[in-house]
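K.L.:
The structure's right below; bear with me while I get my questions together.
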Amino acid sequence: MKKIALTRKNAALVAACLLFYLLVLGCAPVSAMSSSDSSSTSTAAAEKSKSKRAIHLVHIDNIISPPLASYLKEEIQDASTQGAHLLLIVLDTPGGLELAMRDIIKDIINAPLPVVVFVSPSGARAASAGAIITISAHFAAMAPGTNIGAAHPVSIGLGGNSDKVLIEKAQNDMVAYAQSIANIRGKNATWIEKAIRNSSSLTAQEAKEKGVIDFVATDVAELLGKLDGKKVELASGNITLATQNAPIITKKAGLRHRVLAALANPNISYILFLIGLAGLYFEFSNPGAIFPGVVGAISLLLAWFSMQTLPINFVGVALFLLAVILFVMEVKVLSNGILTIGGIISLVLGSLMLFESPEPALRVSLSVFIPALVLIVLFFLIVIYAALKAQQAKHINGTEGMLGKTGEAIGDIADKGMVLIEGEYWQAFSPQHIPAHSKVVVVAVAGLKLQVKKK
C-alpha cells in the first residue's frame, strides 16, 4: 500500500508539472491585445480639460474572436461616456470568426462617435475578417508596407471540404454583407467582392488608389494630421474632426479580456484539451488520485469554451476521445501494445484534424503542436507502463511477506528461539546454531514460525 500511495503522489506531481510546462509553451505565441499602458482616471480628467478632446487609441493584434468583440464594444462605450473625440483602432489581424466580425462591425457602424481603423505598423495586415472591419470604419487608413484582403469565408465545424452548396451560400451572404458595408462607407464594393470570392489582396498604396481606404500614413501623428478638418456623419448629426495635436489616451485591455483572448487562441485550446484528457484518463485508471481529475475536468471545460470560438473539426475531437478509450482498454485488456499503438495513432490524427483553417492564426503552431504531442504521448505511455507493472507484481500478504526480511536474534537460536523483525517478535528456528544478537534473515515460513539463517 505504501508503494501505491507513493506512485499516486508522484503522478500528481508529474501532472502538475506537465500542466505548467504546456501552458507556458502555449502562451508563448499569444500576443496581447494592447502594447501600451492605459491612462489613469486622473490623467483622463486632465486631458479632458484641454482645449481639444482626447482621442482614445486601442491596439488589436490578435485574431477576431468573441472576447475581442466584447472588448471593443466596451471601449466604444467607454470612449463615448468619457467624451472622447474619436476612437482610433490600430489593427493587425490575420482574420477570425464571422460572428465576432459582424458584432464588431455592428458596434462601429452604430457608434455614437467617429471610429477610425489604422492598419499599422509596417508589416501588419487586415486579412479576412479584418478587411471588412477596416472598411466599416468612418475612416480607414493603412501604413506603407501593410496589406488588406483575402477575405474568403471559411466553414466551421464541418471542415474545408464540406457541402459546396453551403459554402456557396455562405460566400454569397458574405459578399452581400460586405458590399452593403462598403456602400455605406463609400468604399470600392467591386473589389471587396473579389477579396471574398478570389481572396484578392492589396498593398496600402493600391488600396488607396482603388478606393478601399481613405489614407496612407506612416504613423498615428501623420494620420491625425490628415484627419483634421474632415467631416463625419453620425446618427446625432455631422461633426468636423479636430485631431491635429489632439491628446491621445492609449487604452489597454483588462485582465478579464486578456484571459478570454488567450483562451480563444488555438494553441491554448489544444493544450487545455490534451491536459483535460490526460487528467481524466489518469483519474479513471487510478481512482482516488483526485488532483489529476480536478485539473482534467477544469481544463476540458476551458477547452470546450475556447473551441466555441474556433474552427473545430469534430472528427478530430472524436479521434481524441477514441485515443483515451484505447489507452484505458490497454490497462484492462492484455493486447501486447496493439491498443496503445492505436491510441497513439488516434491522438496524432486527431491533433492534425482538430483545427481546420487556411489561416495559420486559427491553427495550432508547430512549435506548440510537436512538443505538446510528444509530452502527452509519453505521459500516457508512462501511466500505462506503471499500471501494467502494478498488475503484474506479486501481491504478498501475511507471513509469506516475511521472506527475505532481516532482523536480530534475541537469544541463541537452534531448534528454537526469538527474533526481532521490524519491531515485532517472532518465534524462530535454525538447523545451525546462531549466537544471540546476530543479524538474521528469514529463509522460510512454517506456520507461525520463521526459519532463519545468520546474515
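Derivation of every value follows stated rules applied to the coordinates shown; laboratory data play no part. Quick caveat: nothing in here was measured; it's all calculated off a predicted structure. Using ideal geometry, Cβ is built from the backbone for each residue, glycine included, and neighbour counts are taken over all protein chains shown.
K.L.:
Run the simple label-point estimate for Val441 and Ala386 please: 7 Å along Cα→C-beta, distance reported in nm.
P.N.:
Taking the simple label geometry, Val441 and Ala386 are separated by 3.1 nm.
K.L.:
Just to verify a number: FRET efficiency for Asn336 and Tyr425, C-beta to C-beta distance, R0 = 45 Å, to 0.05?
P.N.:
The pair Asn336/Tyr425 has a calculated efficiency of 0.40.
K.L.:
Would you please put 94-105, 377-388 in order of how densely packed they are, using the mean number of other Cβ atoms within 10 angstrom per residue and starting with the highest?
P.N.:
Ranked by mean Cβ neighbours within 10 Å, highest first: 94-105, 377-388.
K.L.:
Work out, step by step, the length gained on full extension between Lys405 and Glu168: first 0.36 nm times the residue separation, then minus their alpha carbon distance; give nm to one decimal.
P.N.:
My answer for the length gained is 77.6 nm.
K.L.:
Here's something else I'd like to know. For a protection proxy built on the mean count of beta-carbon atoms within 10 angstrom, sort 250-260, 235-245, 106-116 highest first, please.
P.N.:
106-116, 250-260, 235-245
K.L.:
Sticking with this one: Mind running the shape call on the range 268-356? Use the C-alpha gyration tensor, a ≥ b ≥ c as the square roots of the eigenvalues: rounded below 1.5 for a/c, prolate if a/b tops b/c, oblate otherwise.
P.N.:
Taking the square roots of the gyration eigenvalues as a ≥ b ≥ c, the range 268-356 is oblate.
K.L.:
Under 14 Å from a point 7 Å along the Cα-to-Cβ line of Leu234: which residues of the range 80-106 have their amide N that close?
P.N.:
Under 14 Å, as judged by backbone N against the label point of Leu234, lie 80-88 of the range 80-106.
K.L.:
In angstroms, what radius of gyration and Dmax does the range 47-108 have, counting Cα atoms only?
P.N.:
Calculated on Cα positions, Rg and Dmax stand at 12.8, 40 Å.
K.L.:
Rounded to the nearest 0.05, what FRET efficiency do Ile290 and Ile345 have when you use their Cβ-Cβ distance and R0 = 25 Å?
P.N.:
0.20
K.L.:
Please give the contour-minus-distance gain from Trp304 to His433: 0.36 nm per residue of separation, less the Cα-Cα distance, rounded to one decimal in nm.
P.N.:
Using 0.36 nm per residue and subtracting the Cα-Cα distance, I get 39.2 nm.
K.L.:
While we're on this one: If you find the alpha carbon centre of the range 396-455 and of the range 288-303, how far apart are they in angstrom?
P.N.:
Taking the Cα centre of the range 288-303 as reference, the centre of the range 396-455 is 49 Å away.
K.L.:
Next up: Could you give the distance between the Cα centres of the range 331-350 and the range 94-147, to the whole Å?
P.N.:
Spelled out, the Cα-based centre of one part sits 47 Å from the other.
K.L.:
Across the range 398-454, what fraction of all alpha-carbon pairs, as a whole percent, falls in each successive 10 Å bin from zero upward?
P.N.:
29, 64, 7
K.L.:
Sticking with this one: Let me know the volume per residue of the alpha-carbon convex hull for the range 41-259, in Å³.
P.N.:
115
K.L.:
Viscosity 1.002 mPa s, temperature 20 °C: Stokes-Einstein D of the range 229-311 from its Kirkwood Cα radius, in µm² per second?
P.N.:
Rounded, D is 131 µm²/s.
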